[in-house]
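Here, each number is a calculation from the coordinates, and none is a lab measurement. Every value quoted in this text rests on a predicted model; they were computed, and no experiment measured them. In this analysis, Cβ positions are derived from the backbone assuming ideal geometry, glycine residues included, and neighbour counts consider all displayed protein chains.
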Amino acid sequence: MDVQRLVAMANDIAAFFDAESGNAAPEGVRNHLSKFWEPRMRREIIEHLRKGGEGLCPTASAAIEKLAADPSVS
């Protein structure tokens, strides 16, 4: 999948959780990505973050950092 599409999707999810959850938004985004994104999508967005995370908003970046730190996520 195109990484820029994944970035846009992650940012959209982050915008929703920012509006709904405030400070808990990164955990909400992490949970959403863990539950609803395919492993391949998660791997690609984590790799994108490791390469600098261009285009990711702060909430999405924080969520993906949490996702990357979770050993159960593949």
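Residues that are under 8 Å from the mean Cα position of the chain (by Cα) and not polar (S, T, N, Q) within region 47-64 comprise ALA60, ALA62, ALA63, ILE64, listed in sequence order. Restricting ASN11, ASN23 to residues that are loosely packed, with under 15 Cβ neighbours inside 10 Å and either without any contact (Cβ under 8 Å) to a residue 60 or more places away in the chain or touching a Leu at 6+ places or on another chain (Cβ under 6 Å) (or both) narrows the list to ASN23. Considering only region 3-31, how many residues are over 18 Å from ALA68 (Cα atoms) and of a type outside the set (Lys, Arg)? Total meeting the criteria: 12.
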